[in-house]
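Where a number appears in this text, it was derived from the coordinates with a stated rule and is not lab data. Small disclaimer: the values here were computed from a predicted structure and weren't measured. Note: ideal-geometry Cβ built from the backbone for every residue, glycine included; neighbour counts use all protein chains shown.
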Amino acid sequence: MPYLQILPLTLTLLVFLVAPVGLIGVVSFWDYTEFNLIPDFVWTNYRELFESRVTYSIYLSTLKFTALTWVFTTLIGFTVAYFLAFHVRTLRWQITLFLICTIPFWTSNIIRMIAWIPVLGRHGLINEALLGSGLVDTPQEWLLYSDFAVVLAFVHLYTLFMVVPIFNSMMRIDRAVIEAAYDAGAGPWRTIRHVVLPLCKPGIAIGSIFIVTLVMSDYVTVQMMSGGQSASVAVAMNNKRALLQYPAAAADAVVLLGVVLLMVVGLMRIVNVRKEL
């Protein structure tokens with residue numbers, strides 16, 4: 001009976017996860033020409049990938065976007081979750097404010113990115129405000145189509161994925177522990193540092209896993225917000241796919257999957273995520 005109960009989930013994982021990933025792995029060893037794919041077993045795609053300096057620079061750029069996005073989403077997510085968990089007293093207002101946080105996620109990611117263009121553009125709201133106040137003499141070009149715009153869009157898109165698990169961890173904290181910290185003479189900052197933050201590590205780890213996997217695999221945001229001037233692993237992979245270089249793109253996907261899995265395993269070894277699940 002237990003095996004029959006897990007059979008539907010097992011079949012679903014095999015058909016929609018294991019089989020596609022396995023197919024990508026098989027295609028990554030194929031050869032190709034300008035016009036067709038050649039089923040084979042060659043290491044050409046991986047050798048070209050690891051021998052190219054461009055690969056390492058692209059991974060550094062991707063890791064930079066991931067690290068910056070993680071820092072800002074963690075700071076914002078922890079602050080918002082802390083306010084909702086400890087400063088909003090009633091459950092009704094907690095639910096209401098939490099739903100307000102989710103309203104932007106009811107729209108498409110593309111629409112939310114496009115919305116930044118009239119704000120960050122050469123004649124956008126920020127540049128007009130800076131010029132009007134006399135702080136600058138010329139419009140600031142770095143606000144849009146730059147690494148800054150890419151990170152800003154990532155933070156805007158994915159902060160909620162950090163708020164939710166941290167908020168879940170904070171709601172599980174026994175309020176008597178917080179009161180005991182205050183009774184022992186700890187101030188608000190020491191309580192956050194020595195009590196709240198350690199108890200929120202599982203939630204931060206789960207949010208970090210979401211951020212890492214989403215940012216590392218996102219190419220639409222990088223292309224749109226950088227105007228094609230910034231590079232990432234997913235963008236390079238998509239360019240190869242557009243050029244019908246499917247085996248090379250599959251090799252990129254396999255390597256990216258391995259890097260992301262190593263990062264996730266590292267996070268899970270630092271914090272016992274199973275306690276949160």
Förster radius 45 Å - calculated FRET efficiency between Ala186 and Asn36, Cβ distance, rounded to 0.05: 0.05
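Using the beta-carbon distance between Phe16 and Leu214 and R0 = 25 Å, what value does 1/(1 + (r/R0)^6) give for FRET efficiency, to the nearest 0.05? The partial results should precede the final answer.
On the way: r = 19 Å, r/R0 = 0.76.
Plugging the Cβ-Cβ distance into 1/(1 + (r/R0)^6) gives 0.85.
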Chain lengthening between Met268 and Thr90 when straightened (0.36 nm per residue, less Cα-Cα): 60.8 nm
Estimated FRET transfer efficiency when R0 is 51 angstrom, pair Leu197-Thr138 (beta carbons, to 0.05): 0.75
Centre separation in Å (Cα based) which lies between the stretch 196-230 and the stretch 68-100: 18 Å
The chain: calculated mean residue ellipticity at 222 nm from DSSP helix runs of at least 4, using -39500 (n - 2.57): -20500 deg cm²/dmol
Burial order of peptide ranges 2-13, 111-122, 155-166 (average beta-carbon count within 10 Å, highest first): 155-166, 111-122, 2-13
Mean Kyte hydropathy of 1.6 or more with a Cα span along the axis of at least 18 Å, helices from DSSP in the chain: 201-217, 246-270
Gaussian network model of the chain, springs between alpha carbon atoms under 10 Å - residue of Glu48, Glu128, Glu34 with greatest fluctuation: Glu34
